Amino acid sequence: MSSLHALPRQTKPELEHAFSRSPELGYEPPETAGFIRCLSHGFPTPLARWHYHDEYELHLITASSGKVFVGDWIGQFQPGQLVLTGPRLPHNWISMDVPEAGYAERDLVVQFPHQPLALAAEGIAELREVMPLLERARHGIEFFGMQEKATEHWHHIKSSQGLARFAAFCSWMSELARCTDFRLLSSAQLQSEDSDTQLAQINAVVSRITDNMAAPVSAADLAQELGMTESRFSRFFRRATGNTFTDFVNLIRVNRACQLLQESDRYITHIAYEVGFNNLANFNRRFLDIKGMTPTEYRKQAAGRFGGR
């Protein structure tokens, strides 16, 4: 495997720049887009890639199914999935059932920045209702059972201008802020205030961990590949992810185990070894610490909530 020194120039996520938001790709013309930007597009599209941007993104899937990637979370999507991602949280939707002609419309998206809302909330008490929602969005939030309402809200925003558009946006955000049927996706917050190069480095490290979870990986080895001392790497890693390296690896592995527990009837012992734990007792202990329940209990609950097989 090539050194991590070279990975920051090659590894996704890609930063989405404002100048790349062409109306030909489905964006609103720059001269008409204000604080709230609407986007609709089909699939395949150049917009479907592992990427991040400085805005929040409210993302509704209207057609197709496949794999969705949000931070360190990997899952399935289908029509009706509604996800809110926070600033600089990498994400991508990859359709797996694309007909020869593709899909004319797959995604209905609203993007908006943080700072205007945060500043407005300081003086407008009513807007403070949305701030806990925005805090949760740092992990990515999947909402359930909202396809019809979300579609109506998107078209209402898209067809409105000026203060009416902001009112339509606030109506949707208020509904999401009060919604209780949701789950947080990414256990690791991969957004960063650091440089794009440093963000690329941390995502390269995350890719190393996630690409082969069963392989042993150490902070010392990764620090050496990045040309850092182990203590500097530890500080760098914790600042970027909010976790120690060991805790992060355990979060990644348990998160993948959760997916396997939801999607299969495989033996828990086999899952434990596949995600990188060398014995079942250690896996059960770490799983309980992170999820507050045993893998068996999690599987039972997931079967009822997510339709596990």
**Request:** Determine, for each peptide in 133-144, 210-221, 270-281, the mean count of other beta carbons within 10 angstrom over its residues, then list the peptides with the highest first.
**Result:** 133-144, 270-281, 210-221
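Treat the count of other C-beta atoms within 10 Å as a stand-in for reagent exposure and order Trp154, Trp172 from fewest to most.
Arranged by neighbour count, lowest to highest, Trp154, Trp172 become Trp172, Trp154.
Using a Förster distance of 45 Å, how high is the FRET efficiency between Gln78 and Ser234, based on the Cβ-Cβ distance and rounded to 0.05? Intermediate results must be reported in sequence, preceding the final value.
Numbers: r = 40 Å, r/R0 = 0.88.
It comes out at approximately 0.70.
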**Message:** For Leu89, what residues show an amide H to amide H distance below 5 Å, using hydrogens built from the backbone and excluding near sequence neighbours?
**Reply:** His53
**Message:** Treating only the Cβ of Lys, Arg, Asp and Glu as charged (+1, +1, -1, -1), what charge dipole size does region 212-306 show about its Cα centre? Round to the nearest 20 debye.
**Reply:** 300
**Message:** As an exercise, identify the GluC sites (Glu not before Pro) in region 56-133 lying in DSSP coil whose Cβ has no more than 14 other Cβ atoms within 10 Å.
**Reply:** Glu100
**Fill in**
With +1 at each Lys and Arg Cβ and -1 at each Asp and Glu Cβ, the charge dipole magnitude of the chain around its Cα centre, to the nearest 20 debye, comes out at 860
**Sequence of Leu25, Leu89 once ranked by neighbouring C-beta atoms within 10 Å, starting from the fewest** = Leu25, Leu89
**Request:** Find the relative contact order for the chain and round it to a whole percent, using C-alpha pairs within less than 8 Å whose residues are 6+ positions apart.
**Result:** 17
**Message:** If you take Rg and Dmax of the Cα atoms in Å from the coordinates, which of (1) 20.2, 59; (2) 18.5, 53; (3) 23.7, 69 do you get?
**Reply:** (1)
**Fill in**
Between the residues Thr294, Thr246, Leu260, the Cα farthest towards the positive end of the dipole of region 212-306, that dipole coming from +1 and -1 charges on the beta-carbon of Lys, Arg, Asp and Glu, is from Thr294
**Asked** Once amide H atoms are built 1.01 Å from N in the peptide plane, which residues 5 or more positions from Arg106, or in another chain, come under 5 Å H to H?
**Response** His41, Gly42, Phe43
**Message:** On a full-extension model of 0.36 nm per residue, what is the gain between Arg49 and Asn279, subtracting their alpha-carbon distance, rounded to one decimal in nm?
**Reply:** 79.2 nm
**Request:** Among DSSP beta bridges lying fully in the chain, give the percent that are antiparallel, nearest 5.
**Result:** 95
**Request:** For region 213-289 and region 75-92, write down the distance between their C-alpha centroids in whole Å.
**Result:** 23
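Each reported figure results from applying straightforward, stated rules to the coordinates on display, with no laboratory input. Because the structure is predicted, anything quoted here is derived from the model rather than measured. Neighbour counts run over all protein chains shown; Cβ positions are idealised from the backbone, glycine included.
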